[in-house]
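Structure first, then comments.
The values are calculated or read from the model by the stated rules, or taken from the named source; none is laboratory data. The model shown is predicted, which means the values in this text are computed figures rather than measured ones. Neighbour counts are summed over all protein chains in view; Cβ atoms, including those assigned to glycine, are modelled from backbone coordinates with ideal geometry. These accessible areas exclude ligands, DNA and RNA; they are computed on the full protein's heavy atoms, side chains included. Shrake-Rupley method; radii C 1.70, N 1.55, O 1.52, S 1.80 Å.
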Amino acid sequence: MSNEIEASFDVVVIGGGAIGMAIAYYLKTASNACRVAVVERDPAYTLASTPRASGGVRRLFALPENIQLSNFSIPVYAQFAELMAVDGQRADISFRKGGYLFIVPTKDVANLQRNYETQRKHGVNVDFLEPDALKKRFPSMVVDDLAAAVHSLDDGWMDPYAALMAFRKKVRTMNVTLFQDEVVGIEREGALVRAVTLKSGSRINADSIVNAAGAWSPIVSEMVGQKIPVTPLRRFEHYFECEETIEPLPYVKDVNKLAFRPEGKGYTGGVPTLGEPRGYNFETDHDYFENVVWPALAHRFPQFEKTKCRNTMPGLYDQNDLDGNPIIGPWQGECENFYLATGFSGHGLMHAPATGRAIAELILHRRFQTLDLTRLGWKRVVENKPYPEQGII
Ligand SMILES: Cc1cc2nc3c(=O)[nH]c(=O)nc-3n(C[C@H](O)[C@H](O)[C@H](O)COP(=O)(O)OP(=O)(O)OC[C@H]3O[C@@H](n4cnc5c(N)ncnc54)[C@H](O)[C@@H]3O)c2cc1C
């Protein structure tokens, strides 16, 4: 007996991670009549990026679009427990407004200052700190080699897996159809995509198709002949503990890419590097913490001289090698009903709600209604005009 089906939807979203779920949620929120399906090949999310994320959410960006994506998304996560509640049951994602801190040496102060001004202009509650003030706020921190810092007080972190599960549970109650299957082909007729074909042999007709397949999005795009500059970039998230006491810390990030935050009895974080060869590599380098992360930690906080790495988890960034920013919008000039929401380069979780809303607006109204994200669209890729962050990212 065959399990094959043929179905029709207004929108089919490929990939049920944070991005795909947010798109489904905002489509249904804006239009209950919209028939939405999400195809996710692995509902256990064994290799997906979302559950492997560090959970940091911040407004500390240089580009207005990135700040605005955060300005919308972070309050959504702050209210997630209520927003995603089902049958009166709150969806706790352990949201902590613990703050976010960027620290820089002299050569990066001008950039930090410029970004700080942009952030202030966009309403971010952020303090600019000279080394003395920084030391006062975080007495354990070595500040001798630092020239300045910005401390974003309303940012923080949450539990990415809990957020994903909450999204999943919520969209089910909104009549989003979740298919457990793998998209293996996309049917295209001239300038329109028409349907996705699934590993099971099923076929789903769609008026619009969204590629929200994260690090696997280049493979999905290739199914319609689209080459995107997104590549899988491995990085490690380490959980480590410290024997000595440190005052409560925010999410700390330096220009050398050391980034970590408190988690339970210890800390979670790492040192990502763009020098990592691209590929679907889930091998764990057990020396990476010892060789790279630990020296950076101990340099900044002497207490970390004595630290123990308890767990190292590899995961993939959907890295946009053009400019490190997402590609949000239709495949202009080729297939206007094929949308991309990928290339988040380490920021996909914090930008998922605003991205979901943006894609929903594009599909339902053919243009952005709230945030204008035109500059993050496909055009810059075709024209090879990178739109990168300035300074530390
Ligand atoms: C170690 C690490 C730390 C990070 N820290 C942060 C952080 O602090 N803050 C932050 O905002 N971001 C962070 N990120 C980035 C963040 O995790 C991603 O940007 C985000 O999760 C991307 O979400 P997504 O839904 O696009 O991808 P995913 O969560 O990977 O979801 C894509 C889904 O598509 C499915 N899929 C793929 N191909 C197909 C197909 N053909 N058919 C059906 N399904 C398919 C996959 O199974 C997968 O579940 C981090 C990432 C890593 C690896």
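Before moving on, here are some points about what is shown:
- Check on residue 128, without any contact (Cβ under 8 Å) to a residue 24 or more places away in the chain and either in a strand (DSSP E or B) or at positive phi (or both): yes
- Scanning the range 47-67 for residues that are more than 8 Å from the ligand (Cβ to nearest atom) and among the polar types (S, T, N, Q) turns up just one, 66.
- When we screen 72, 80, 95 for residues that are more than 9 Å from the ligand (Cβ to nearest atom), of a type in the set (Phe, Trp, Tyr) and open to solvent by less than 10 Å² (accessible area, probe 1.4 Å), the only hit is 80.
- Meets criteria (touching a Leu at 6+ places or on another chain (Cβ under 9 Å), small (Gly, Ala, Ser) and over 30 Å from residue 194 (Cβ atoms)) for residue 70: yes
- Taken over the range 180-215, the criterion of being in a loop (DSSP other than H, G, I, E, B), farther than 14 Å from residue 338 by Cβ and open to solvent by less than 20 Å² (accessible area, probe 1.4 Å) is satisfied by 202 alone.
- Selection status of residue 285, out of contact with any Leu (no Cβ under 8 Å at 6 or more places or on another chain) and at pLDDT 95 or above: no
- Residue 252 buried (at least 20 other Cβ atoms within 10 Å of the Cβ) and under 24 Å from residue 51 (Cα atoms): yes
- Checking each residue in the range 279-296 for being buried (at least 17 other Cβ atoms within 10 Å of the Cβ) and more than 20 Å from residue 108 (Cα to Cα) picks out 288, 289, 292, 293, 294.
- Positions within the range 299-358 being open to solvent by less than 10 Å² (accessible area, probe 1.4 Å), more than 25 Å from residue 207 (Cβ to Cβ) and either over 22 Å from the mean Cα position of the chain (by Cα) or more than 11 Å from the ligand (Cβ to nearest atom) (or both), in sequence order: 301, 304, 325
- Matching option when the condition is within 19 Å of residue 22 (Cα to Cα) and either of a type in the set (A, V, I, L, M, F, W, C) or at pLDDT 95 or above (or both), among 165, 141: 165
- Of the candidates 73, 54, the single residue that is of a type in the set (S, T, N, Q), under 16 Å from the mean Cα position of the chain (by Cα) and assigned to a loop (DSSP other than H, G, I, E, B) is 54.
- Among the residues of the range 172-197, those identified as in contact with a helix residue (DSSP H, G or I) (Cβ under 8 Å, 6 or more places away or on another chain) and within 13 Å of the ligand (Cβ to nearest atom) are 178, 183, 186.
- The listed residue being within 25 Å of the chain's Cα centre (by Cα), outside any loop (DSSP other than H, G, I, E, B) and not polar (S, T, N, Q), out of 133, 91, 149: 149
- Within the range 143-169, tally of residues that are farther than 20 Å from residue 49 by Cα and open to solvent by less than 40 Å² (accessible area, probe 1.4 Å): 9
- Where a residue in the range 209-226 is within 15 Å of residue 185 (Cβ to Cβ) and its partner, wherever it lies, is more than 7 Å from the ligand (Cβ to nearest atom) and of a type in the set (Val, Ile, Thr), with Cβ under 7 Å and at least six apart: 209/12; 209/186; 209/193; 209/196; 221/228; 223/186; 224/186; 224/193
- Exactly one residue among 269, 324 is assigned to a loop (DSSP other than H, G, I, E, B) and within 27 Å of residue 104 (Cα to Cα), and that residue is 324.
- Index of the failed condition, residue 218 passing every other in (1) assigned to a strand (DSSP E or B); (2) within 19 Å of residue 340 (Cβ to Cβ): (1)
- Only a single criterion out of (1) at pLDDT below 95; (2) in contact with a strand residue (DSSP E or B) (Cβ under 6 Å, 6 or more places away or on another chain); (3) loosely packed, with under 15 Cβ neighbours inside 10 Å is not satisfied by residue 273, namely (2).
- Any hit, the range 233-255, residues being of a type in the set (A, V, I, L, M, F, W, C), more than 30 Å from residue 298 (Cα to Cα) and within 16 Å of the ligand (Cβ to nearest atom): no
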